[in-house]
Amino acid sequence: MAANAVGALARKKGIAAFLGKNTNLVTFVVLATILGVMTRGRSFEWPSVRNLMIAESVRAFAALGVGMIIITRGIDLSIGYVVCLVASVSASFAQTPDYMAALYPGMDFPIYLPFIAGILTGGLFGFFNGVLVAYGKLPAFIATLGTMSIARGAQLIYTKAAVVGSVKDAYKVLAQGSVGPIPNLALYVVVAAAIVWFLLRHTRRGTNFYAIGGNPVAARVSGINVEKELVVVYTFAGLLYGIAGCLLSGRLGLANALTANGMELDAIAAVTVGGISQAGGVGTVGGMIIGVLTLGIINYGMTYLGVDSYYQLLVKGFIILVAVYFYIRKYSQR
Amino acid sequence: MADDRAEYVLEMLGIYKSFPGVQALDDVSLHVRPGKVHALMGENGAGKSTLMKCLFGIYREDGGEIILKGRLAKFHSAKDALEAGVSMIHQELSNVPERSVRENIWLGREPLHRFGPITFLNHGKMHRDTAALMKRLEMNIDPADRMGGLSISKQQACEIAKAVSYEASIVVMDEPSSSLTETETEHLFRIIRDLTARGVAVIYISHKMSEIFQIADDVSVMRDGKMLGTWPASELDEDKLIKLMVGRDNTQRFPTVDSEIGELRLEVRGLTSAESRSFKDVSFDLRRGEILGIGGLVGAQRTELVEAIFGLRKTSCGEILVNGKRAVIRSPRDAIRHGIGLITEDRRGSGIFPLLSVTENTAVASLGSYIRGGLLLEHRRIEAEARRFNEQLRTKTPSMWTQIQNLSGGNQQKVLVSRWLMTLPEILIMDEPTRGIDVGAKFEIYTIMAELARNGKSIIMVSSEMHELLGMSHRVMVLCAGRHTGTLEGPEASQENVMRLATQFE
Ligand SMILES: Nc1ncnc2c1ncn2[C@@H]1O[C@H](COP(=O)(O)OP(=O)(O)OP(=O)(O)O)[C@@H](O)[C@H]1O
Ligand SMILES: [Mg+2]
């Protein structure tokens, strides 16, 4: 009997430990349940879930990118405007040839060109960020603040501050289509998350990212080329923003100067809620995705419940602060 | 002479290295034989770590040659050095606390699976190799444990295991024993002897004299960035070595502590930690002019106890009386207000502000006493006082405005000691005050302790060094597993008795 009691206690402890370790999951489940109750289960129905997936997919790419950067103790503020620029560039190569206001009127580019151009643009900005941080030794906050402004300027110059619209259907369908009931966008996220998961969990490179974030000096004296790894992580993140921008222009069918504005803050908030510490060296892909979904149901839920959009911002802010507060407490207990 | 070459596995010839304001290395040469332990000695700031960092590719020397196994070596990074067969235990712990032991050990060279161009980590092999390594070194550490969750001495053991695992032909150990107990140091020596038996050369840096004569074959001594020479250990003794290091006779190891013991200053009654596995029901008194030593093994909760007295840790019951009145101490602020100062054990973690200057680091805890008209800091007086305390301890720094991170490890420690001396505490708690500090400066610190006591201050000193514990304390209180197992006084205070009390529950 005593053994039984001990066993039960151990199991109880196991659950408590699991919940303690997965605060992000707990937050998500609690919020989802609250929303489920308030909508009388409607939020659990497939159309709602599907909408949530479509709405959050693009952000998930940004979160995966910046999540990795934060693991190396960095930050990236350029996301919003880089994604905006990428969306504009990709849209400009996907406009219908007979559209009067097209950036390249009369040109019918092959369908892969917008992707190549968009992803390269994203990767280039990421690479630039990486070089500034790794070799220029600029603080990531300042370096990416600079590239943020450059991306903004480039977007306005490139589009002459106009809307890049009338995107070809063949391009749109890649972002708007679905496989059976599942939206394409969600599938892309699954693939990207799997790749990032593999990278972080199962490759030497991923281990290096954690080491650099956890203790850059230790990483260096263990023979890791810290500068190179930083360039790689920012570039990789840039490629992910590139994909995000292409998918966004496809989903919206256009791009303008307001596209993706503020996405960097959403992405940073999401991964922070998901347990990626700003101090560097901790965090998982699961956490990043849970973070995105958590912010997603907050947005979605409040819209569903008809909360005024100004109040939405307020509530969102509070929820983020509370979630992070609990994280910080967890880490400072050690 | 041509034959002599083959005798050495490593030769560093005429190395120069300067930092802004200091010539850290000035024409330094070092010859290391394979299969031998080569001790590198010198005062704080003599240039020992700098020389080793040049060897390890962390610093680029301004001039000179490094010849490794007969070939000219040019290392641009730690990676180059590791690949050429040089591994190093660094003076400051350099691990990634949030990752597991096994990941830390194989960092940068993890075992891989290969599928054509794709490689990925072989977690299983990593675990097995770590377990085998720990077994071989007789260390009881679980490869899956989180590094940051281990005690400091276990973390140090992991650093040792890591350095060994490179199977290098030269292993540099920069103060590997500073956070180890005597038993653990014995263990380290067994590992070192095993290495040298297999032909590995070990370069060993330490400020603990007795260790040198136990383990070293050759001894090189540096002073002020210059190499004085190399001697077989058998031709030296402690006095000779100290004289070489400090450049003057220094026969006395401890000053006489002749203070007058006065009235009760601090009373601790039944203090119990809020954490379950920490100290329990500890009571003791401290009088004016008294130096109370606290001894015990690592894990005896000595640091936890003094941190609780200083308001850094929560207690669940018990009380503290200062000058006969009950003192409520919930934070270091409260403690400082009651005239208590604490020199912490972990100077990297809770001591220094790396980017601030020596002056600022010294003055930061006593700024309150240097305010004119309730508003303006008196910079000139602050600098003068900070300088005075650092000069007393002979802190070696290019200027008072140098960033503290650019000082040698031992000199950073001296700045911390200066900080708390500058607060003019009535009760000074010193947790391992001389860890990593050279012999000359140890004596200075002891002298200051004796002088403080003479002026009626009270001192609590936590120490793992038996000589200093017995040499400096009026009374020695011993903890074992969080319990107060006894207090020794006068002739009773012997090494045997301290050890008996320290291992009472084992
Ligand atoms: N990165 C740096 N920048 C500027 N000065 C430095 C730097 N590293 C070391 N120094 C200076 O070089 C000198 C030698 O320092 P080093 O760390 O080699 O001493 P050490 O012999 O290892 O002393 P300790 O026993 O205290 O560890 C010191 O005066 C120190 O201030
Ligand atoms: Mg040193």
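So what's the net charge close to A:Ala270: Lys and Arg +1, Asp and Glu -1, counting the other residues with Cβ under 15 Å from its Cβ?
In short, -2.
Need one value for A:204-213: mean number of C-beta atoms belonging to other chains within 10 Å of its residues' C-beta atoms.
Partner-chain Cβ atoms within 10 Å, mean over residues of A:204-213: 4.
What is the calculated FRET efficiency for A:Ala161 to B:Leu355, with r their C-beta to C-beta distance and R₀ = 30 Å, to the nearest 0.05?
On the way: r = 43 Å, r/R0 = 1.43.
Result of the calculation: an efficiency of 0.10.
Nearest 10 degrees, 0 to 90: what angle lies between the long axis of helix A:2-21 and the longest principal axis of chain A (Cα atoms)?
Approximately 30 degrees, to the nearest 10.
Give, as a single signed number, the net charge of other residues whose beta carbon lies under 11 Å from the beta carbon of B:Thr397, with Lys and Arg counted +1 and Asp and Glu -1.
Summing Lys and Arg as +1 and Asp and Glu as -1 gives +3.
Run the reach check for B:Lys74 against lysines, Cα to Cα strictly under 19 Å, same-chain hits fewer than 8 apart removed. What comes back?
Leaving aside lysines fewer than 8 places away in the same chain, those within reach of B:Lys74 are B:Lys17, B:Lys53.
Set the Förster distance to 51 Å, then compute FRET efficiency between A:Asp169 and A:Leu321 from the Cβ-Cβ distance, nearest 0.05. Present the calculation step by step, with values, prior to reporting the outcome.
Values: r = 43 Å, r/R0 = 0.84.
The formula returns an efficiency of 0.75 here.
Which value at 222 nm does the protein assembly as shown reach when only helices count, each DSSP H run of 4 or more adding -39,500 (n - 2.57), with the total divided by all residues and rounded to the nearest 500 deg cm²/dmol?
Computed mean residue ellipticity for the protein assembly as shown: -15500 deg cm²/dmol.
So if each residue of separation counts as 0.36 nm, and I subtract the Cα-Cα distance between B:Glu65 and B:Leu424, what length gain in nm does that give?
That pair, B:Glu65 and B:Leu424, stretches by 124.4 nm at full extension.
Who wins for biggest fluctuation among A:Gly238, A:Gly287, A:Gly36 in a Gaussian network model of chain A, springs between alpha carbons below 10 Å?
In this elastic network of chain A, the residue with the biggest mean-square fluctuation among A:Gly238, A:Gly287, A:Gly36 is A:Gly36.
Roughly how many nanometres apart are two label points built 7 Å out from the Cα toward the Cβ at A:Leu145 and A:Ile116?
For the pair A:Leu145/A:Ile116, the computed spacing is 3.8 nm.
Give the aspartates and glutamates whose C-alpha is closer than 19 Å to that of B:Lys125, dropping any in the same chain fewer than 8 places away, or say none.
Counting by Cα, and skipping residues close in sequence, B:Lys125 has these aspartates and glutamates nearby: B:Glu103, B:Glu110, B:Asp142, B:Asp145, B:Glu167.
Can you give me the angle between helix A:113-134 and the longest principal axis of chain A, using Cα atoms only, in degrees from 0 to 90, rounded to the nearest 10?
It works out to around 60 degrees.
Measuring with a 1.4 Å probe in the full set of protein chains, what accessible area per residue, in whole Å², belongs to the stretch A:23-333?
Values: 13170 Å² over 311 residues.
Averaged over the residues of the stretch A:23-333, the accessible area is 42 Å².
Estimate the FRET efficiency between B:Arg114 and A:Lys228 by the formula 1/(1 + (r/R0)^6), using the beta-carbon distance for r and 22 Å for R0, to the nearest 0.05. Walk me through the intermediate numbers first.
Values: r = 21 Å, r/R0 = 0.96.
Efficiency at R0 = 22 Å is approximately 0.55.
Give a quick list of chymotrypsin sites (Phe, Trp or Tyr not before Pro) in the stretch A:82-175 that DSSP marks as loop, anything other than H, G, I, E or B, with at most 13 other Cβ atoms within 10 Å.
Here the sparse-neighbourhood loop sites are A:Tyr112, A:Tyr135.
With everything on Cα atoms, drop me the angle between helix A:23-38 and the longest principal axis of chain A, reported from 0 to 90° to the nearest 10.
It works out to around 80 degrees.
Once you place label points 7 Å from the Cα toward the Cβ at B:Lys226 and B:Arg193, how far apart are they in nm?
Roughly 3.8 nm, to one decimal.
Dipole of the protein assembly as shown, Cα-centred, from +1 at each Lys and Arg C-beta and -1 at each Asp and Glu C-beta, to the nearest 20 debye?
2420
Taking all protein chains as present, what is the carbon and sulfur share of the accessible area of the stretch A:23-333, in % to the nearest whole number, probe 1.4 Å?
Reported share for carbon and sulfur atoms: 72 percent.
What is the spin-label model distance, in nm, from A:Gln312 to B:Ser283 if the labels are put 7 Å beyond Cα along the C-beta direction?
So the label points at A:Gln312 and B:Ser283 sit 6.6 nm apart.
Which of A:Ala279, A:Val231, A:Thr259 sits farthest toward the positive end of the charge dipole of chain A, with +1 on the Cβ of Lys and Arg and -1 on the Cβ of Asp and Glu?
Highest projection toward the positive end goes to A:Ala279.
If you take the charge dipole of the stretch B:10-246 about its Cα centre, with +1 on Lys and Arg Cβ and -1 on Asp and Glu Cβ, which of B:Pro97, B:Ala39, B:Pro176 is farthest toward its positive end?
Working it through, the farthest residue towards the positive pole turns out to be B:Pro97.
Which pairs in the list B:Lys79/B:Lys240; A:Lys137/B:Lys442; B:Lys48/B:Lys69; A:Lys137/B:Lys162; B:Lys69/B:Lys414 are over 32 Å apart, alpha-carbon to alpha-carbon?
Long pairs (Cα-Cα over 32 Å): B:Lys79/B:Lys240; A:Lys137/B:Lys442; B:Lys69/B:Lys414.
Rounded to the nearest whole Å², what accessible area per residue is found for chain B with the 1.4 Å probe?
On the way: 22120 Å² over 506 residues.
On a per-residue basis, chain B sits at 44 Å².
If Lys and Arg each add +1 and Asp and Glu each add -1, what is the summed charge of the other residues whose beta carbon sits under 12 Å from the beta carbon of B:Arg337? If you can, show how the numbers build up before the last one.
Numbers: positive: B:Arg330, B:Arg333; negative: B:Asp334, B:Glu426.
Summing Lys/Arg as +1 and Asp/Glu as -1 gives 0.
Could you give me the ³J(HN,Hα) list for the stretch B:31-44, computed from phi with Karplus coefficients 6.51, -1.76, 1.60 and θ = phi - 60°, whole Hz, x at Gly and Pro?
10, 10, 8, x, x, 10, 9, 10, 7, 10, 10, x, 5, 4
Between B:Arg454 and B:Arg330, 0.36 nm times their residue separation minus their Cα-Cα distance comes to what?
Between B:Arg454 and B:Arg330, full extension yields 41.7 nm more.
Per-residue HN-Hα couplings for the stretch B:158-172, Karplus 6.51 cos²θ - 1.76 cosθ + 1.60 at θ = phi - 60°, whole Hz, x for Gly and Pro?
Per residue, the Karplus-derived 3J(HN,Hα) values read 5, 4, 5, 4, 4, 4, 5, 5, 6, 6, 7, 8, 10, 10, 9 Hz.
So what J values fall out for the stretch B:324-329 if you push phi through Karplus, 6.51 cos²θ - 1.76 cosθ + 1.60 with θ = phi - 60°, rounded to Hz, Gly and Pro as x?
Values per residue, Gly and Pro as x: x, 10, 5, 10, 9, 10 Hz.
Chains B and A: how much accessible area gets covered up at their contact, both sides added, probe 1.4 Å, in Å² to the nearest hundred?
Chains B and A together bury approximately 1900 Å².
Find the Cα radius of gyration of the protein assembly as shown, compare it with 2.2 N^0.38 Å by division, and give the number to two decimals.
On the way: Rg = 31.2 Å, N = 840, 2.2 N^0.38 = 28.4 Å.
Its radius of gyration relative to the 2.2 N^0.38 Å reference: 1.10.
Figure the gain on full extension for B:Arg337 and B:Ala384 (residue separation times 0.36 nm, minus the Cα-Cα span) and round it to one decimal in nm.
14.5 nm
For the stretch A:76-133 and the stretch A:173-222, what is the centre-to-centre distance using only Cα atoms, to the nearest Å?
Rounded to whole Å, the Cα centres lie 22 Å apart.
The values are calculated or read from the model by the stated rules, or taken from the named source; none is laboratory data. Not measured: the values here are computed from a predicted model. Using ideal geometry, Cβ is built from the backbone for each residue, glycine included, and neighbour counts are taken over all protein chains shown. Accessible surface is based on the protein model in full, side chains and every heavy atom, while ligands, DNA and RNA are left aside. Shrake-Rupley method; radii C 1.70, N 1.55, O 1.52, S 1.80 Å.
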